[in-house]
Structure formats: C-alpha cells, structure tokens
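Data block below; observations after.
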C-alpha cells in the first residue's frame, strides 16, 4: 500500500506539477511561493487520500484543481482574519529605533544648570518671558520694573545662557575647535 501511494505521488509530480503550479499561480495572484506551497499541500492531500482517488488522468486533474482551489480560498480567508505578515529584509535586521524620551530631559537639565550660573535678575526675566510665556510688558508689570529694563535683562540673560551652553559644549568636546 505504501509503495502504491509513493508511486501515485511520483506520478502526480511528473505529470501534473507544471500545469498545476501554473494554474495555482493564477489563483494566488502570481505569488510563486504561495503557489508552490499550495501545490505541495495538494500533493500531500492526494497522498493521504491515495486509496480513494481514481487513477484516470482527467479525474486526478479535476480532483487536484478542486483541492488546490479550496486551499487557496482557505488561505485567503485565514489571511483576512489575521494581520498581514511582514518579512524582515534579513534575520540580522535590527528593529527600528524607539525614542526613549531622554533627550528633552537631558536638554532641560543642561539649560537649568546654565540658568543657575547666571545673575538672579536675568534668570527671573527669562523665566517670566520664556517659561510663563509672558510679553515684555506683562513681565514688567508683574515685576514692577520698566519694559526697557525687562528687554535689556532678557538680551543680556540670553547672551549669558548662550555663552554658558557653548562653554559646556566645548568642555564636552575637548576644548575649542
């Protein structure tokens, strides 16, 4: 019995593999790999049902195409119920980088450190204007100083802040250019 089943599989591959693959490729929309998988599964099912198959070529062909068509339909239904598979370019492909959110925190720490090193009246004006989002006139009214003084302190405070940050970058990079 086992030899008869093996003989059937050899005959199926020899006589029907090429036309079956061609027809199944059309059913799979030209997907060669999927078509090959369907043909292989079709032949496995023929092997499992060898005792029930009729041996006439026309009957075998009709049975093979029916089974292949049902496999494709089942595959399509199954693909509709699960997410699309994504294949990586290679096994060693690295996953996409995930932002860790540490950069804004580090930047804030660097700016805070630079602010601590400047004069209190400059730091106060910068905090009102940039952190509290107030205009120069609103800051002047809140602090009880002229708007021109707020603008002057803002100008010199930003210069100090820029210089402190540039100095820090030079220290980190090993000195000036």
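The values are calculated or read from the model by the stated rules, or taken from the named source; none is laboratory data. From a predicted model like this one, the values you see are computed outputs, not experimental measurements. Neighbour counts run over all protein chains shown; Cβ positions are idealised from the backbone, glycine included.
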Return a yes/no flag: does segment 20-42 have any residue that is more than 30 Å from residue 165 (Cβ to Cβ) and at pLDDT below 75. no
Applying the selection to segment 22-57, what residues are without any contact (Cβ under 8 Å) to a residue 12 or more places away in the chain, farther than 12 Å from residue 12 by Cα and part of a helix (DSSP H, G or I)? 22, 25, 26, 32, 33, 37, 48, 52
If you go through segment 115-152 one residue at a time, how many are over 23 Å from residue 167 (Cβ atoms) and part of a loop (DSSP other than H, G, I, E, B)? 7
